[in-house]
Every structure is written in structure tokens, then in C-alpha cells.
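**Student:** Provided herewith is a single structure, encoded as C-alpha cells, for subsequent inquiry.
The values are calculated or read from the model by the stated rules, or taken from the named source; none is laboratory data. Everything numeric in this text was worked out from a predicted model, so none of it was measured. All Cβ positions, glycine included, derive from the backbone under ideal geometry; neighbour counts span all protein chains shown. These area figures cover heavy atoms from the full protein model, side chains too; ligands, DNA and RNA do not enter into them. Shrake-Rupley method; radii C 1.70, N 1.55, O 1.52, S 1.80 Å.
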Amino acid sequence: MKIDLTDTTSSKINKALVQGRRAIGTPAVGMVLTLVLVTDEENQYDALKAANEASREHPSRKLVVVKRHSRSPRDRAKARLDAEVRVGADAGTGETVVLRLYGEVMDHAQSVVLPLLLPDAPVVVWWPVNAPVNPAKDALGKLAQRRVTDTYAAEDPVAELTARAEAYTPGDTDLSWTRITPWRSMVAAALDQVACDVTSVEVEGEEHNPSCELLAMWLADRLHVPVKRGVSKGPGLTAVRMETSCGPIQLGRADGSLATLSIQGQPDRAVALKRRETSELIAEELRRLDPDDTYASALRFGVDRLGDGSGSSSRAAGDGGTADGGATPAKPAKPAGAVTPAAMPKKAESK
């Protein structure tokens, strides 16, 4: 069921939600969170489709905030709110409200969204595109316990990682990080099978894919070994190669679907490592609403410490800070030769 409201208010939208639930015979509210999608008209269809699919696992009220920029000065000066209320089969599992903001009301989106939040339920804000530099300082981001961005959609994804590290606040997360969860699990499982010390790592993937940098930073942060970032034609991540005291370990995926795990002294094994849809990624992020300390630690390691695999740092930002956002004194980076194989942790952690 769909209800269109033109030049409306938050109060009228709430009444329409109640009216829609009664019309389809489901007055009870069984939703577990409010998911706020902040996007543009071009991307709202795909983002809402992914959110609807994720709502099968996490029944939610989805509020889609679309800021419509008018062309004429007269239209820009006039504030207006249009809404489309969807309940039942048209809204996935839960309810959907598409909010289109015009004029001055665009600068006060939080005032429109606040009355529509589910009472006593967590709030998650997701920016599929055009995320703010500091999500926690954004007016809508301040309403949320969890703030989801995607550096892959940025103009310069790798540079965006540096900005994300500087502005990180507990509760921030990135779908580029979520994409590497299966890779981190497979790498950790491979290291669990051997009693060896890792001496160096190479992460290979397409050039402008921040997931490759995040995986490399996670490995460098956890293993304390030199990590080299290699470039391939993709798709996405293509290989992780680890040199160990027992021989090489390689996890390679050439087709974006099936990967091969090679460990010295063991037969090669085929493992499923399919590139996942956005709906699967957002569903994974909605499973946990607490701060992701592992992501914070990897992000703060610093992109500039990757590259040639030397392990040296041109700045101390990767060593400063704690996972909960507090600052610690910067430490000088250790050269690769300063760490002996016996002192290196040999196992990585999975999410």
C-alpha cells in the first residue's frame, strides 16, 4: 500500500503510517530499528532496494531522505516536504517513508526525521553516496548509534580513507570494510592451520578499490610485518600472498567468485569467495551496533604506510590513537629489520 503526501508535515506522515497499518490489518509494530538512508534521486532506488532486502533479516522502518535542489531562486526559497508512505508488500519487512525535501527544509533534515524515528529503538544512518567527511558531526549522524558510509563511492577512494581515519568516531563503519569480511576470515583460517611466522605480505587488487587498502592495513596492523599493495585488473580483490617461515601461503581469486587457497605442503583447495551484493553488506552491518574496534585500529594504521612494503611511515598517525577514539602519544615507526620473526604474531583476527 502506498500513500502520497504533498507539502506535508512529520505529524501527517505519522498519521499516514498508522492509517496504512490499519488498512492492511497489521496494527502491531514489530520493527527492531530505524534505518535512515541519505541519498540523491539518482541512487535512491538501488539503495532502497538493498535496504528492503536487508529488512528480511532486520525488520525496520526505513526513512529515505532525498534532497531535491530546485533550479530557480524562487523555488529554492520555498520550503516544502513531500512524502511517499509505503506499508505491506511495497515496503519489504517493515515500513518505508520516502522524504523529498525542497528549499530551506533541506538544511534541517534532522527536524523532519526526528519525529519519525521508532521510539526506544536503535537508529542507523547510511550514506550510499556523498557521505559527509565527519559523519558523527552531521546533523543526521548525531541521531544514530551506527553510521555507515562507503568510500568506494567517493571521488578519490584511497584519499577518503585518510579523511575517515582523522574523523573516526566510535560507531562509524564503511561498506568497503564489510566487503573484506570473507577475506579476513579465510586468511585467519589459513594461518590457524600452520605453526609458522609470517615475514611479509602482498595484497593485490584493482587500483581504485579501498577494500584492498583496508585489508592491507588490517594485516599490517595485526601481524606487524611489511605489507605491499599490488595492482591488478580485478575484479575487486584478487590475491593475498604471505611469506612465512614454513613457505608461501596464497589466497587468489581471479574471477570474483571462486578462490584457491594454496599452503606449502598441502593440496590446493577451492573456496567460495563470491563478491557480495549491497543488501548482504548492509544486513551484515545491521547485525552489530557496537563500535568496531578492529576497523578503527586498521583504519588508523594509515594508507601512507603501505606501498613498497618497507613498513616505514612518513608520519606517526598510524601509531597514534586508540580504538575508542582517545589519543595516545605518537610512536616512531619500526623499520622492517627491527622485528625478528620470533616476535611476530602469526595469526590474524577475523571479524
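**Student:** Among (1) crowded, with 23+ Cβ neighbours inside 10 Å; (2) touching a residue at least 24 places away in the same chain (Cβ under 8 Å), where does GLY141 come up short?
**Tutor:** (2)
The rows are residues; the columns are (1) part of a loop (DSSP other than H, G, I, E, B); (2) touching a Leu at 6+ places or on another chain (Cβ under 9 Å); (3) surrounded by 14 or more Cβ atoms within 10 Å (Cβ to Cβ); (4) modelled with pLDDT of 90 or more.
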residue	(1), (2), (3), (4)
THR8	yes, yes, yes, yes
ASN14	no, yes, yes, yes
GLY20	no, no, yes, no
VAL29	yes, yes, yes, no
LEU37	no, yes, yes, yes
ALA47	no, yes, yes, yes
ALA50	no, yes, yes, yes
GLU53	no, no, yes, yes
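**Student:** For ARG147, all conditions in the list (1) in a helix (DSSP H, G or I); (2) at pLDDT 95 or above hold save one; what is the number of the exception?
**Tutor:** Every condition holds for ARG147 apart from (1).
**Student:** Within the range 231-270, which residues are under 18 Å from GLN193 (Cα atoms), β-branched (Val, Ile, Thr) and either at pLDDT 95 or above or surrounded by 17 or more Cβ atoms within 10 Å (Cβ to Cβ) (or both)? Walk me through how you get there before you give the answer.
**Tutor:** First, the residues of the range 231-270 that are under 18 Å from GLN193 (Cα atoms): 240-252, 259-270.
Checking the rest, the ones that are also β-branched (Val, Ile, Thr) come to 240, 244, 249, 260, 263.
VAL240, THR244, ILE249, ILE263, listed by residue number.
**Student:** Can you tell me which residues in the range 112-134 are touching a residue at least 40 places away in the same chain (Cβ under 8 Å) and of a type in the set (S, T, N, Q)?
**Tutor:** Result: ASN130, single match.
**Student:** Kindly indicate which of GLU160, GLU155 is open to solvent by 20 Å² or more (accessible area, probe 1.4 Å), part of a helix (DSSP H, G or I) and without any contact (Cβ under 8 Å) to a residue 60 or more places away in the chain.
**Tutor:** Values: GLU155 fails: part of a helix (DSSP H, G or I).
That would be GLU160, the only listed residue that is open to solvent by 20 Å² or more (accessible area, probe 1.4 Å), part of a helix (DSSP H, G or I) and without any contact (Cβ under 8 Å) to a residue 60 or more places away in the chain.
**Student:** In this structure, does VAL87 turn out to be in contact with a Lys or Arg (Cβ under 7 Å, 6 or more places away or on another chain) and not polar (S, T, N, Q)? Show your work before the answer.
**Tutor:** On the way: in contact with a Lys or Arg (Cβ under 7 Å, 6 or more places away or on another chain): yes; not polar (S, T, N, Q): yes.
Yes.
**Student:** Also, quick follow-up: When you go through (1) aliphatic (A, V, I, L, M); (2) open to solvent by less than 30 Å² (accessible area, probe 1.4 Å); (3) farther than 19 Å from CYS212 by Cα; (4) modelled with pLDDT under 90 one by one for ALA348, which number turns out not to apply?
**Tutor:** (3)
**Student:** Next up: Test of understanding: among VAL133, VAL124, VAL113, VAL129, which residue is within 20 Å of the chain's Cα centre (by Cα), closer than 30 Å to GLU166 by Cα and not in a loop (DSSP other than H, G, I, E, B)?
**Tutor:** Numbers: VAL133 fails: not in a loop (DSSP other than H, G, I, E, B); VAL113 fails: within 20 Å of the chain's Cα centre (by Cα); VAL129 fails: not in a loop (DSSP other than H, G, I, E, B).
After applying the criteria, what remains is VAL124.
**Student:** Here's a follow-up. Please specify each residue of the range 3-54 satisfying the condition of being out of contact with any strand residue (DSSP E or B) (no Cβ under 9 Å at 6 or more places or on another chain), polar (S, T, N, Q) and farther than 19 Å from ALA121 by Cβ.
**Tutor:** SER11, ASN43
**Student:** Could you check the range 172-183 and list, in sequence order, the residues that are within 27 Å of ALA136 (Cα to Cα), in a helix (DSSP H, G or I) and either touching a residue at least 60 places away in the same chain (Cβ under 8 Å) or open to solvent by 10 Å² or more (accessible area, probe 1.4 Å) (or both)?
**Tutor:** To start, the set of residues in the range 172-183 that are within 27 Å of ALA136 (Cα to Cα) comprises 172-181.
Next cut, in a helix (DSSP H, G or I) only: 175-178, 181.
Those that are within 27 Å of ALA136 (Cα to Cα), in a helix (DSSP H, G or I) and either touching a residue at least 60 places away in the same chain (Cβ under 8 Å) or open to solvent by 10 Å² or more (accessible area, probe 1.4 Å) (or both): LEU175, TRP177, THR178, THR181.
**Student:** Checking ARG147 against (1) open to solvent by less than 10 Å² (accessible area, probe 1.4 Å); (2) under 18 Å from the mean Cα position of the chain (by Cα), which single condition isn't satisfied?
**Tutor:** ARG147 satisfies all of (1) open to solvent by less than 10 Å² (accessible area, probe 1.4 Å); (2) under 18 Å from the mean Cα position of the chain (by Cα) except (1).
**Student:** Which members of the range 241-271 meet the condition of being closer than 14 Å to MET186 by Cβ, charged (D, E, K, R) and under 31 Å from the mean Cα position of the chain (by Cα)?
**Tutor:** ARG241, ARG253, ARG269 - these are the residues of the range 241-271 that are closer than 14 Å to MET186 by Cβ, charged (D, E, K, R) and under 31 Å from the mean Cα position of the chain (by Cα).
**Student:** Follow-up question, since we're still on this one. May I ask you to list the residues in the range 152-175 that are within 23 Å of GLU202 (Cβ to Cβ) and modelled with pLDDT of 95 or more?
**Tutor:** ASP174
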